[in-house]
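Each remark here refers to the structure printed beneath this line.
The values are calculated or read from the model by the stated rules, or taken from the named source; none is laboratory data. These numbers come from a predicted model, not from an experiment. So basically every Cβ, Gly included, is an ideal-geometry build from the backbone, and we count neighbours across all protein chains shown. Heavy atoms of the whole protein, side chains included, go into the accessibility calculation; ligands, DNA and RNA do not. Shrake-Rupley method; radii C 1.70, N 1.55, O 1.52, S 1.80 Å.
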Amino acid sequence: MKSNHLLPLGIGLLALSMTHVAMAETAAEAEANILVTGRTDLGLNLPSETGSRLGLTPLELPASIATIDGAAIRARGDMTVVEAVSRAPGVTAIANPGNGNTALSMRGFTGQGSVLQLVDGIRLFPTAGTITFPTDPWNVERIEVLSGPSSVLYGQGALGGAINIVTKKPDEPQRVDVEASYGSQDTAHLAAGIGGPLTDSIGYRFDASYRRSDGWVDRGQSESLSLSGAIRFTPSDSFSLTLRGDYGDIKPMEYFGTPLIDGQIDDRNKRRNYNVGDANMHFRDDRLTLTAEWQVSDSIALTNAVYRLSNKRRWYNLESYCWIGADGDCPNGYGGGTPGQIYRADNLGIIHDTRQLGDQANARISTQLGGSMSNDLVLGFDVNHIKLDYSHNFAFANQSNEVDPFVFDPGTMENRADTLPRYLTRTTEWSVFAEDRLKISDQFSLVGGFRYEEDRVKRRNFFYDSNGNITGEVNAFPNGMTQRELDNFTWRAGAVYQPTPTLSFYGQYSTGVDPLGTLTTFTTNATQFYFTNAKGDQIEAGVKASFLDGKGSATLAVYKIVKKDLVAQRTPTSPVEQIGQQSSKGIEAAIALALPGGLSIDANGTVLDAEYDDYISGGTNYSGNTPPDVPETAANLWLTWQGLGGIRAQAGLRYVGKRYSDTANNFRVPAYAVVDASLSYAFTDNVAVDL
């Protein structure tokens, strides 16, 4: 079944949901029935695992922290993690197939190199700007968003912020969750989860989610399977050991966009898919984690997590298209074509095979200093080793042809067999970090921290003869060197003033670093080989408040971030240097209210000014331009009415302002809005139907 909706991201979805079916119901569980849409206090009074390793709440932290509750994500019908997290203040999606459909923009900085992604506090290392795990929100307990530089906590690549996906843990008491849904474009979802105690000392949680859709374009099929399970062993009140496994198998829609005709979206071709008929994209990820937590005493706690993550990804696509104008040219530089045709090019074959092994440990020490003074200190380390085997057919990706915009044979991909191993890298990262909070009084505290990190990358290239046989291996780095080493020291310091326990004023200075590319696929360019990571810093101030006896909360933050050491070239013949700079300054606000009559409101918005302060590339001056993929306005609104007789109505609005797709700001992507609406009826506390 094909849908004719013009706004496919905002279509209604018919869902039958049977969640929280309790086998041993308690009063607390009865409150967590199907109609609960999550917290309405912005999570200000709950400890944040992302904003600090000290167990502090957002009210106690000099930083911007947003929490999106997993129950709210599922009640709103968000089908991906990107959909869910882009409802947080200042977070917008820039997802596309090349970055794994997961890249984000925050505070004027974009992509996997500037917005770090974590799972249960563990850093994910991107490959060529790509992360594909996790995407399904079914097994998400909550998503926490830390805005601004977070390298002190999590390492390089976090100048815009960090997103931490916290997964569901073993439950008490035992319960079963089930959801089945069907909607437009043959979109279907079937999911189930079960958790509870096996014995007094062993608990478990297992979840599975399957999704499929025909999509909103020709040959737009997609499907995914997500599996997760955890077993927790708690032999005493002070010690626990949790083994967790996650698996994702994703076949996303093999679609790379529709070219404009005469600069406009044309109704005649807006659902055409210009990819080849045998295109293929497939992402497979699995992760295993063993976490030990030991409360040694009232003042000392130890945590250690050992993990393994593997990713196998492949792309076989014809990815570039443009409409040929009356002069025979099109915007991608192709000339001499047939006017009125679509030019297709870039038959790319790419394969990622990565394995990440790591260990993360920390010790938390709490000390009472006398009177109201106290100190909390965290000391820890990270160690990671990433193996990457990278295959591609770039030397042969020359397939090109012209097709009719409206009726054409998609054809098949050429040079698929030339997608061969081209290089491998071995990346070793280790770091030590510390974080401290000195509580001087009930009203005033100081929070600071530092991180020292070293990264070592080894790379080896492979070359082939015309028969596909390896003719030799070469070290990729210049001057006979076998590896590249980078080191960084980052720190932050801030203060929090709480005139009352529910009101906080804060200020913070923090530093961070971004890689010039992707650490695990380090450049082989001899000129850039000696460059360092780009460095940045942020000044931020804000206020947070909880009011109306916890039924309302609000946050306001203002900030300025400066990123230095961008690679620039003053003239076409000048040397490439790290002399560029960009900056971003803005304001973010959020409010949540639970009003009488069953009405609740969640709203947030951001306005920012991002620009290149000093940036020249190839002799062209881009200073004053807005960096690509950065919308300078964004807002979210969500209304929920919990009526009588088991009725619930919801409505949402997401607005994203205009942005540019190129450094020269010649190509503007217009602003857009997405509208959501739903109506639910609960037959019991545990069974409901949603439209």
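Miscellaneous remarks
- Estimated FRET transfer efficiency (ASN375, ILE261; beta-carbon r; R0 45 Å; 0.05): 0.10
- The alpha-carbon of LYS270 sits under 16 angstrom from the alpha-carbons of these lysines, leaving out residues fewer than 8 places away in its chain: LYS2.
- Judged by the mean number of other Cβ atoms found within 10 Å, the most tightly packed of the peptides 555-566, 263-274 leads the ranking 555-566, 263-274.
- Were the residues from LEU420 through SER441 laid out at 0.36 nm apart, the gain over their Cα-Cα distance would be 1.3 nm.
- Applied to the range 190-198, the Karplus parametrisation 6.51 cos²θ - 1.76 cosθ + 1.60 on θ = phi - 60° returns per-residue 3J(HN,Hα) values of 9, 9, 8, x, 9, x, x, x, 8 Hz, with x for Gly and Pro.
- Per residue convex hull volume, Cα atoms of the range 631-691, in Å³: 90 Å³
- For ILE202, the amide hydrogen comes within under 5 Å of the amide hydrogens of THR234, counting only partners 5 or more places away or on other chains and with H modelled in the peptide plane.
- Per-pair calculated FRET efficiency, R0 = 56 Å: LEU595 and THR471 via Cβ, rounded to 0.05: 0.20
- Simple Cβ-charge dipole of the chain, Lys/Arg +1 and Asp/Glu -1, about Cα centre, in debye nearest 20: 440 debye
- Measuring nothing but protein heavy atoms, the accessible surface of the range 506-616 at 1.4 Å probe radius is 60 percent carbon and sulfur.
- If R0 is 45 Å, the Cβ-Cβ spacing of PHE683 and TYR655 corresponds to a FRET efficiency of close to 0.80.
- Nonpolar atom fraction for the range 208-254, defined as the carbon and sulfur part of the 1.4 Å probe accessible area, stands at 61 percent.
- Gained length - ILE365 relative to ARG456, 0.36 nm times residue gap less alpha-carbon distance: 29.6 nm
- To the nearest 10, the accessible area of PHE505 is 90 Å² with a 1.4 Å probe.
- Modelled this way, with points 7 Å down the Cα-to-C-beta line, the labels at VAL562 and ASN401 are 5.4 nm from one another.
- Expected 222 nm ellipticity per residue - DSSP helices of 4 or more, -39500 (n - 2.57), all of the chain, to 500: -500 deg cm²/dmol
- Placing dummy labels 7 Å off each Cα toward the beta-carbon, the span from GLN221 to GLN483 is 4.6 nm.
- Sorting the segments 315-328, 296-309 by their mean number of nearby beta carbons within 10 angstrom, highest to lowest, gives 315-328, 296-309.
- Using the Karplus relation 6.51 cos²θ - 1.76 cosθ + 1.60 with θ = phi - 60°, the per-residue 3J(HN,Hα) values for the range 615-625 come to 8, 10, 10, x, x, 8, 8, 9, 4, x, 7 Hz, with x marking Gly and Pro.
- If you take the Cα centroid of the range 389-425 and the Cα centroid of the range 137-200, the two points sit 36 Å apart.
- Taking every protein chain into account, the accessible area of the chain amounts to 42 square angstrom per residue (probe 1.4 Å).
- With θ taken as phi - 60° and the Karplus curve 6.51 cos²θ - 1.76 cosθ + 1.60 applied, the whole-hertz 3J(HN,Hα) list for the range 313-321 is 10, 9, 10, 9, 8, 9, 9, 10, 9 Hz, x standing for glycine and proline.
- Ranked order, GLU293, GLU454 - accessible area, probe 1.4 Å, largest first: GLU293, GLU454
- Listed by chain and number, the lysines whose C-alpha is less than 16 Å from the C-alpha of LYS312, apart from same-chain residues fewer than 8 away, are LYS251, LYS387.
- By the rule of a C-alpha distance below 19 Å, with chain neighbours fewer than 8 residues away ignored, the lysines paired with LYS563 are LYS535, LYS585.
- Distances between placed amide hydrogens fall under 5 Å for ASP266 paired with ILE261, all partners being 5 or more residues away or on another chain.
- For the chain, the Cα gyration tensor yields ellipsoid semi-axes of 40, 32, 26 Å (square root of five times each eigenvalue, largest first, whole Å).
- Shown here is the pair-distance distribution of the range 570-671: with all Cα-Cα distances grouped in 10 Å bins from zero up to the longest one, the shares run 14, 29, 22, 16, 11, 6, 2, 0 percent.
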